[in-house]
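The structure's right below; bear with me while I get my questions together.
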Amino acid sequence: MEEVREVLDEARAVLAAGLDFDAPARLRDDDLLALAGEVEVLRRVVDGFATVVAGEVAERSRIELGSGRLSARKGCRTVAELLERVTQVSGAEARRRVLVGSAIREREGLAGHPDAAEFPVLAEAVRAGEIGADAAHVVVRELARPRRVAAAEHGEAAERSLVDEATGVGDGAPIRATADELRTQAQAWAAFLDQDGDEPADDRAVRRRGVRLGRARDGLVTLSGDLLPEVAAGLGRLFDAHLAPRSGGGFLTAEERADWEHQAEVRTPDQQRHDVLATIVDVAARSADGPSIGGAPPTVVVSVRASDLESSTGHANADGIDVPVSLRAARRMICTGGIQTVVLDDDGRVMQLGSPERCFTPHQRRAITLRDGGCLIPGCSVPASWCEVHHVVPDVAGGPTHPDNGVLLCWFHHRTIETSGWGIRMQRGSPQIRPPRWLDPGGGWRAATRSPTRLADRVEQRRRQPMLV
């Protein structure tokens, strides 16, 4: 251990003393690119050693060791968590190192003697610093499973071919394949090695299905995963149904309506799909047929200080998510789901616990649904069952939780009602809307509804009006 530590300390000292971090800014283009390649050569050596270390940590944290495994003895659930805490890398990077390190580590044979690594050719290239961590991860991830069902010589040929392409001695020599280019080649080899093998494609797809929530970054949480084809088709149809071209703007002139079709929707397709998914989550949580948690529907608890809410400064926090929640989002959730006041003293002791307030009852919601029929914003096709009930006059301004003060808005329009330019007011218990000035320069108020019953009443009223000659 001391010898290895001395080498690392010496290398770190040499690099710290010899590297001028301001030098790249002074280099010519070709010299700058050459330097980038040379730095990567050094990094491959360091990354290779890091994966070998991770592989050994994983070996000592094998699940069959039970409570004696290294990760458990250090208070971590997994070897990846242990590496995260020791190295401060991300969970994804820790898992990549474990996967590659385990694949290039010499295995223990039946008689206790060292046996070749699972990927011996790759192991040699990684230890020599000839292949980078990204490329090594691609080879292991794509070939690990199909190699188990393929002939040994075919698996060896695939590994050798990919390592050659990554090191610049393959068919594409002398150009090294990038990690992304290598992924395409590795997937082709995987398809050759396992042409459904011992597991039908459908069974494999069922086993690999999954959805993952990533870590918060830049105010967003990454969503990734793999859907079964029939699930993806159903989700796609939901997107199609709610993202079809709108036909709103009935109060506009023909010229304004033509302009509406090009300008009214300001969201990108990705943003629209996000908002549809947000609505699906909200509807599922409100469904009476859904499961409960602690005797109540699945509810996201958002906490915010009363002083921040009053001053419109600071932020809120949601259970289960590390990233803060904006006050705008907190107000929308309060408007939709209600609020419960908790008073704490300076020591954090609960001094007062209020009752949940500001929730529209199911009976009130049905009445509002009958009146509004869906999201009140013209052109929005979100149905009533997918909408939230919005307090037109906020509770803090004295607005009651009553059908005369509640209207249906979809998730997106509810979240942006304060900034979008749309105006909503109530006249004798009936909602009226005013479009943004960019959409309707006149800015007049019009009665709004999507209720089939109320629309039929309007037609009847117009029919009864005398014709002007």
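None of the figures in this text is laboratory data; all of them are computed from the coordinates on show. Everything numeric in this text was worked out from a predicted model, so none of it was measured. Quick reminder, even Gly has a Cβ in these numbers, built from the backbone with ideal geometry, and neighbours come from all protein chains shown.
With the alpha-carbon atoms as the only input, what is the per residue convex hull volume for the stretch 116-211 in Å³?
It is 106 Å³ per residue.
Follow-up question, since we're still on this one. How far apart, in nm, are two points set 7 Å out from the Cα along the Cα-to-Cβ line at Gln461 and at Ser420?
2.4 nm
How far apart, in nm, are the 7 Å Cα→Cβ label points at Asp395 and Arg60?
5.5 nm
Please list, in order, the residues from the stretch 120-149 whose amide nitrogen is less than 13 Å from a point placed 7 Å along the Cα→Cβ vector of Val41.
Taking a point 7 Å out along Cα→Cβ of Val41, the residues of the stretch 120-149 whose backbone N falls under 13 Å are 129-131.
Val283 to Leu8: extension gain in nm, 0.36 nm per residue of separation minus the Cα-Cα distance?
93.4 nm
Find, among the trypsin sites (Lys or Arg not before Pro) in the stretch 2-61, those assigned to loop by DSSP (not H, G, I, E, B) with at most 10 other beta-carbon atoms within 10 angstrom.
Hits after loop and neighbour filter: Arg28.
Classify the stretch 3-139 from the C-alpha gyration tensor, please: rounded if a/c falls under 1.5, else prolate or oblate depending on whether a/b exceeds b/c. All intermediate terms of the calculation are to be shown ahead of the outcome.
Values: a/c = 2.29, a/b = 1.77, b/c = 1.30.
Prolate, since a/c reaches 1.5 and a/b exceeds b/c.
In the stretch 410-466, which trypsin sites (Lys or Arg not before Pro) fall in coil by DSSP and have 10 or fewer other Cβ atoms within 10 Å?
Answer in residue order: Arg428, Arg437.
For the pair Cys359/Arg208, report the inter-label distance in nm, with labels modelled 7 Å from Cα in the Cβ direction.
For Cys359 paired with Arg208, the spin-label model returns 4.3 nm.
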